[in-house]
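Participant: One structure, as structure tokens, below. Some questions next.
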There are 2 protein chains.
Amino acid sequence: MADARIAALDRVLEVTVLLGRDMTTSLAAAGLTVARTTLLWRLRAAGPSTQRALADALGVSARNVTGLVDGLAEAGLVTREPHPTDRRATLVTLTPRAEALLTEMAAGRAGLAEQLFGGLPPERLDGLVSALDEVLERLRALVPDGAAS
Amino acid sequence: MADARIAALDRVLEVTVLLGRDMTTSLAAAGLTVARTTLLWRLRAAGPSTQRALADALGVSARNVTGLVDGLAEAGLVTREPHPTDRRATLVTLTPRAEALLTEMAAGRAGLAEQLFGGLPPERLDGLVSALDEVLERLRALVPDGAAS
DNA sequence: TGATATCGTGAAGGTACTTCACGGTGCAGG
DNA sequence: CCTGCACCGTGAAGTACCTTCACGATATCA
């Protein structure tokens, strides 16, 4: 009984580790890091944002966002524009290059999904998704929150 | 078709994020970090080990292990003993306090498994585990490897 | 207008990683 | 025996991610 649950946790933990490794290495090949990429995705989803908004969305300190944006700006993936009404704030905006890169990455993500789940019959896949949804619900209740997607 | 697979990937990714957050915060409450704890677990599984063996097992550089062991030694969780036959090497050994702590953490892990998977009927749990096993197999083929459990 | 909150960033610090260089040691082979 | 090479662990230097605290500039509200 409990063994099966621990087995499930172990599987999930191992998936976590391997997936993290895969993400880190494939992003590194593109000259990116996980943290910076997360910011990029958020920008793509939300459009030009203040650094404060990004900090809240990612669940990190505002100071940290300054550093991440510094790196992304230096890589030419992001620009700092003046906020139209609030002169304290800056609007972080994706460059066309970043947009292209993100589109490419979305394709890569679909490819990964295909590789990982392609062999599973639809019913098992559905079972997996719904089981993970229940787990996610419990998990969300456990974790004090931090970001959104 | 592809949508369901991407949905599955998204679920797995989100579980990864939340679980990582949970681990990090609960370990921090115990004055530990993920990296150091991984080393501790490895020591518990393998017994006293040289730093080189730990580096290989964790998939990190030997230099990094030096730093991790430094921190753990300072926290009184680990000691450096001379290797009985090889004077170049040192044997990293768990202190009784670390053993107790690890036992406690194992209980915590069982509790987490219970909380996350307790509501799932056995058949769905089995389905989850076997699906994750298949995914893990594909994942292992994808990732250049690094550590063991 | 003046107190107060907010935006972004400098300064300082901690952890987790890396590579490179180097001293100490183990282990053959000549 | 002793020389050369491989291996162990660590100092030095560097990168990335993250934090808190302090501060100047700006917005806001009474």
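The values are calculated or read from the model by the stated rules, or taken from the named source; none is laboratory data. Being a predicted model, the structure only gives us computed values, none of them experimental. Because the Cβ atoms are built from the backbone with ideal geometry, glycine has one as well, and the counts that use them run over all protein chains shown. Each accessible area value is taken on the protein alone, full model and side chains, heavy atoms only, with ligands, DNA and RNA left out. Shrake-Rupley method; radii C 1.70, N 1.55, O 1.52, S 1.80 Å.
Participant: Give segment A:131-149 a look and list any residue that's in contact with a helix residue (DSSP H, G or I) (Cβ under 8 Å, 6 or more places away or on another chain) and open to solvent by 30 Å² or more (accessible area, probe 1.4 Å), or say none.
Facilitator: A:133, A:138, A:140, A:142, A:144, A:147, A:148, A:149
Participant: Scan (1) more than 11 Å from DNA strand C (Cβ to nearest atom); (2) away from chain B (no Cβ under 14 Å); (3) open to solvent by less than 30 Å² (accessible area, probe 1.4 Å) for the single condition residue A:116 breaks and write down its number.
Facilitator: All conditions are met except number (2).
Participant: Working only within segment A:1-31, note down all residues that are among the small types (Gly, Ala, Ser) and in a loop (DSSP other than H, G, I, E, B).
Facilitator: Of the residues in segment A:1-31, the ones among the small types (Gly, Ala, Ser) are A:2, A:4, A:7-8, A:20, A:26, A:28-31.
Once the filter is applied, which keeps residues that are among the small types (Gly, Ala, Ser) and in a loop (DSSP other than H, G, I, E, B), segment A:1-31 yields A:30, A:31.
Participant: Would you pick out the residues in segment A:119-130 that are within 7 Å of chain B (Cβ to nearest Cβ) and either of a type in the set (Gly, Ala, Ser) or open to solvent by less than 30 Å² (accessible area, probe 1.4 Å) (or both)?
Facilitator: Within segment A:119-130, A:119, A:120, A:125, A:127, A:128, A:129 meet the criteria.
Participant: Out of all the residues in segment A:95-110, which are facing another protein chain (nearest Cβ under 10 Å) and either under 14 Å from the mean Cα position of the chain (by Cα) or open to solvent by less than 30 Å² (accessible area, probe 1.4 Å) (or both)?
Facilitator: A:106, A:109
Participant: Among (1) closer than 23 Å to residue B:19 by Cα; (2) open to solvent by less than 30 Å² (accessible area, probe 1.4 Å), there is one condition residue A:69 misses while meeting the rest; what is its number?
Facilitator: That leaves (1) as the condition not met.
Participant: Just to verify a result, which residue in segment B:80-94, among those that are of a type outside the set (Lys, Arg) and over 23 Å from the mean Cα position of the chain (by Cα), is nearest to DNA strand D (Cβ to nearest atom)?
Facilitator: B:89
Participant: Here are some conditions: (1) out of contact with any Leu (no Cβ under 8 Å at 6 or more places or on another chain); (2) closer than 30 Å to residue B:62 by Cβ. Residue B:139 meets all but one. Which one does it not meet?
Facilitator: Among (1) out of contact with any Leu (no Cβ under 8 Å at 6 or more places or on another chain); (2) closer than 30 Å to residue B:62 by Cβ, the lone unmet condition for residue B:139 is (1).
Participant: Applying the selection to segment A:1-45, what residues are touching a Ser or Thr at 6+ places or on another chain (Cβ under 7 Å), buried (at least 19 other Cβ atoms within 10 Å of the Cβ) and either in contact (Cβ under 8 Å) with a residue 12 or more places away in the chain or more than 7 Å from chain B (Cβ to nearest Cβ) (or both)?
Facilitator: Within segment A:1-45, just A:43 meets the criteria.
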